[in-house]
Every structure is written in structure tokens, then in C-alpha cells.
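Please read the structure below before turning to the comments.
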Amino acid sequence: MGLWAQPQQEQIADWLFSTENTANGQPKGIGLSLWRFNVGAGSMEQGEKSLISPGTRTECFLQADGTYNWDKQKGQRNFLQLAKKRGVNHFLAFLNSPPVYFSQNGLATNTGRGGTFNLKPECYDDYAQFLSCVVEGIQKKDGIKFDYLSPINEPDGHWNWLGPKQEGTPATNRELSNMTKCLSKEFVKRGIDTKIVVNESSDYRCMLRTHMTDWQRGYSLRTLFSPDSVSTYLGDTPNVPRLIAGHSYWTNTPLSSLHDIRSEMRDSLNKYKVNFWQTETCIMGNDEEIGGGGGYDRTMKTALYVARIIHHDIVYADASSWQWWRAIGGDYKDGLLRAYSDDDLHSGQVVDSKLLWAFGNYSRFIRPGAVRVKIIGTNESGQIVPEADTNPRGIMCSAYQNKDKQWVVVVINYSTENQKFNFSLDNRQKLQWQMYRTSDKDGENLAPVGLLKGEVTSLPARSITSFISK
């Protein structure tokens, strides 16, 4: 998309990044606050020999002779600039594979070679130097500083052992820890303050125990952040925050898992005093409630389903960042936007979706540094109801205060009926609330729908409403 005509790029960027409003007060976009950059491993240059599907091949800045070509990945770099222009000031670089020059099989995909890191043992320092050069190079060439870098993606994913025709590599916990320490040492040597994010688990259950893998991976939360794990402990490693990243795939059904797995995670995170980011998810085959991942859906069906995941990740797993795979997709439920092309994506058109605007009910108003506040729910008799902030088939509510003291309340009505909703602040401040709504109604895409001056309103069926204090 970053190589398409400029007007199309600008429209896409407005939808994704803009925090401006139209003349009638409707947001132009969803105001994403962090943008991820995929640092390629070189499968594009290998062509068919890469064994990777054309749509997922990526270029590599590093060349075979050891020099760097900063004209590579031009499309992605264009979108770094489009994001920055619209106020995005948090950037994360991630890799699915080491450069092909350093990999054990000479490829950026694992191809069934086993469950260990596809990096030559003698190339750990080379990989750390490459990553450091990319961080420094993009800042020098494009003026973009990567706040975060994720050096290994889904190391515990059992799919990564076989190679699914996309860039990727597994890694054991020890390999991940050793690579992170090596990268940390190189960052310190060069004076780079970029934070290293680990470990982008493919499934929350891999963070808590061994799940569909072997004894060399799994238990990543304990393994990386418990001092008892002497050889793999990263808690005192420079540039590594007490933060673990995981992916929300496969844990959203049944509804009991959506709640219970995240509650278990929160308890473990608290035990080891580690913060948590949800850094990748989309719709998969087990998300049967909305028909699985196949076939793009522009309606509230997918939008509400994803909003329910966001709510549970934030409220029960204490996620302080929530990231989606991916911005633009094809005929699959993985894109906030849907691309159409007749010439292998050299040109085409892009349309928005209710999923985009549903995401915006969170990203547009809940800004970096916001603090989530507790919801106390009561029944009609005034009795406190445990976990009244969450009815996965009805109302789900979460509340936040931004750094500028503005209040934000996001309410999902998952049900097929209108619902009465009554809320107030503990301190009984009398505030006016601007309401923004996303629903299946035409034009209700994060649309301003009036002021709430009291405490009672009606939530339309199958909708998401944000209340912003004035």
C-alpha cells in the first residue's frame, strides 16, 4: 500500500492514524498511537527459492556483501512517515526471522528443520549488530526512532516448527534469553535506549505452562522473569523492561476461556511483577461464533467480537497495550481495512469496516498514559454485583482517565436488544459526556451522537458507545 498513489495512501493513513475531526465533530480516523514495522529477513530477494508465498516475502536492508541498502522496504517506510505526520510517536520494530545470511538453512522460514532457533550459533553477535544497525539507520535516514524492538516472534508456536510458507522461526527459552542478552549488550555498547520486548508468545497458555510444545519452551513468564530461572532470567537485563508480550489467538472460545485464561495470567503477572501487552491477534478457525477467519466481514459481527476480546484482555489480563494483526487485508477477517486489486496489489482500492471504527472506540480516546479505573456495578436493589463490568453476551464496560484528567467510558452492548445504562463517578462530579457510537447503522462509525447530561441513557443493540467527559 505504501507504493500506491499518494491520495490513496493519505486516505488509508487518515483512517488509521488521524486524531482530527470533520466539521460535524466526527473523527477522521481511529488515532492509533503505536505502529509496528516488520523488519524483513530477505525472502523477497530470494524469490521462489525462499519457499515463502509472494504476499508475505519481505526485503532485507542487509545485503550479501555485508553492506546496507536503505532504499529497501520503501512502502513500509512511507507509512512510518504518514503515521508520524499524524502524530503517532510510538514505533515498534519486529522480526519474524533473522536475515537469511545468518540462518541455519539459508532461508527465512523454518521448513521443518526442528524446534530450535533458525540462526547459526556463531551469528548471535551478527544478528545483534544487524538489529542495532537497523534501529540506528532508520533513525538517521527517516527520522523515526524505534521505541521498542521485538527480536523474535512467536518462538513457542508449534506451527513455526514446520514452516507455513511465511517468514518465521521457533526458539527455545534459552535461545530467546541468550539472544536478548546479546542484543542488550550491543545496545548498551552503542548507547541505544530502545526497549527490547519479549517474547510475543503465540498463545497465552505458552506463557503459563507447556502448551503444544516441548519442555524447552513454555512457562515463558516464569522462565524469563523469575530470579529462580538463573540461566534464562531477563529481569535485570539492560534495555529489557519488566514487560511480556503475548498473542491472543486460540484463547477466545469458549467464553469461559476468554475470562479464565486471562484471570490466570493476571495472577501470574502480579506474582512476578511483570506488565503485559497483547501484541497480535486476528480471527482464527476456532472463532466459530462469527464463522472463523475466512471471508472478510465489514459488519458489526466481527467488530463486536473483537471488541469483546479487547475488553477481556484489558480488564482481566491487565493489558496496557493492545495491538491488532493487521491494518489492511484481503478476503479474510484480519484487516481493519479491506484491499481490492486486479494487478497483484500494484494498485487498487481500500474500504473501511465496522471493525476499524470499533477499534477506534478504544484507540481514539484512550491515550498513552491513561489509567484504567475500577467499575463497581450494582443491581436494581443497589447490591454490588461481582464482575458486573462484564456480561460477554450483554453489556461490557470499562473506564479510564487520561493524563489530561479527561474521563473515558467505553461500553459494548453485545446483545440484540436496547439496554438501559446508568453510570456515575464515585465523587459524583456532574459532567457532560460527549457520546460516540459505532453500530451497523449507516454513518455510525465512531459518530458523535449527542451529549449525555444526566446519568441514564439507552444503549442501542449491537453497538459500542464511548462517553468522553467535557
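A few remarks follow.
Conditions (1) surrounded by fewer than 15 Cβ atoms within 10 Å (Cβ to Cβ); (2) farther than 24 Å from residue 339 by Cα; (3) in contact with a helix residue (DSSP H, G or I) (Cβ under 9 Å, 6 or more places away or on another chain), marked per residue:
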{"position": "1", "(1), (2), (3)": "no, no, yes"}
{"position": "4", "(1), (2), (3)": "no, no, yes"}
{"position": "10", "(1), (2), (3)": "yes, no, yes"}
{"position": "25", "(1), (2), (3)": "yes, yes, no"}
{"position": "40", "(1), (2), (3)": "no, no, yes"}
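- Residue within the stretch 402-413 that is touching a Gly at 6+ places or on another chain (Cβ under 8 Å) and exposed (fewer than 11 other Cβ atoms within 10 Å of the Cβ) present: yes
- Subset of the stretch 242-271 (residues that are open to solvent by 40 Å² or more (accessible area, probe 1.4 Å) and under 30 Å from residue 135 (Cβ atoms)): 242
- The residue list 223, 180, 213 contains one member that is open to solvent by less than 10 Å² (accessible area, probe 1.4 Å) and among the β-branched types (Val, Ile, Thr), which is 180.
- Candidate set: the stretch 276-300, residues that are polar (S, T, N, Q) and in contact (Cβ under 8 Å) with a residue 40 or more places away in the chain; chosen: the one most open to solvent (accessible area, probe 1.4 Å): 299
- Listing of helices (runs of 4 or more DSSP H) fully contained in the stretch 178-275 that carry 2 or more residues being under 30 Å from residue 393 (Cα atoms): 204-208, 255-272
- Residues in the stretch 203-234 that are within 23 Å of the chain's Cα centre (by Cα) and among the small types (Gly, Ala, Ser) were compared, and the one that is nearest to residue 274 (Cα to Cα) is 220.
- Condition check for residue 10 on (1) over 30 Å from residue 63 (Cβ atoms); (2) outside any helix (DSSP H, G or I): one failure, at (2).
- Candidates in the stretch 131-166 are the residues that are in contact (Cβ under 8 Å) with a residue 60 or more places away in the chain and more than 24 Å from the chain's Cα centre (by Cα); of these, the one that is most open to solvent (accessible area, probe 1.4 Å) is 141.
- The residues in the stretch 22-40 that are outside any strand (DSSP E or B) and either more than 30 Å from residue 368 (Cβ to Cβ) or of a type in the set (Lys, Arg) (or both) can be counted, and the count is 1.
- Set 375, 384: member being open to solvent by 30 Å² or more (accessible area, probe 1.4 Å), touching a residue at least 12 places away in the same chain (Cβ under 8 Å) and more than 15 Å from the chain's Cα centre (by Cα): 375
- The criterion of at least 1 residues that are farther than 16 Å from residue 361 by Cα and polar (S, T, N, Q) is met by the following strands (runs of 3 or more DSSP E) wholly inside the stretch 429-470: 456-459.
- Residue within the stretch 102-109 that is under 24 Å from residue 6 (Cβ atoms), open to solvent by 10 Å² or more (accessible area, probe 1.4 Å) and among the small types (Gly, Ala, Ser) present: no
- Check on residue 390, within 30 Å of the chain's Cα centre (by Cα), over 21 Å from residue 364 (Cα atoms) and open to solvent by 50 Å² or more (accessible area, probe 1.4 Å): no
- Residue 305 meets each of the listed conditions (1) open to solvent by 30 Å² or more (accessible area, probe 1.4 Å); (2) of a type in the set (Ser, Thr, Tyr); (3) not in a loop (DSSP other than H, G, I, E, B) apart from (1).
- Considering residues of the stretch 70-94 that are assigned to a loop (DSSP other than H, G, I, E, B) and free of Cβ contacts under 8 Å to residues at least 60 places away in the same chain only, the residue surrounded by the most Cβ atoms within 10 Å (Cβ to Cβ): 73
- For the stretch 189-202, filtered to residues that are touching a residue at least 24 places away in the same chain (Cβ under 8 Å) and surrounded by fewer than 18 Cβ atoms within 10 Å (Cβ to Cβ), the residue that is nearest to the chain's Cα centre (by Cα) is 195.
- The set of residues in the stretch 308-351 being in a loop (DSSP other than H, G, I, E, B), among the hydrophobic types (A, V, I, L, M, F, W, C) and closer than 12 Å to residue 362 by Cβ consists of 324 alone.
The values are calculated or read from the model by the stated rules, or taken from the named source; none is laboratory data. Only a predicted model underlies this, so the values are computations on that prediction, with no experimental measurement involved. Note: ideal-geometry Cβ built from the backbone for every residue, glycine included; neighbour counts use all protein chains shown. Calculation scope for accessible area: heavy atoms of the full protein, side chains included, ligands and nucleic acids excluded. Shrake-Rupley method; radii C 1.70, N 1.55, O 1.52, S 1.80 Å.
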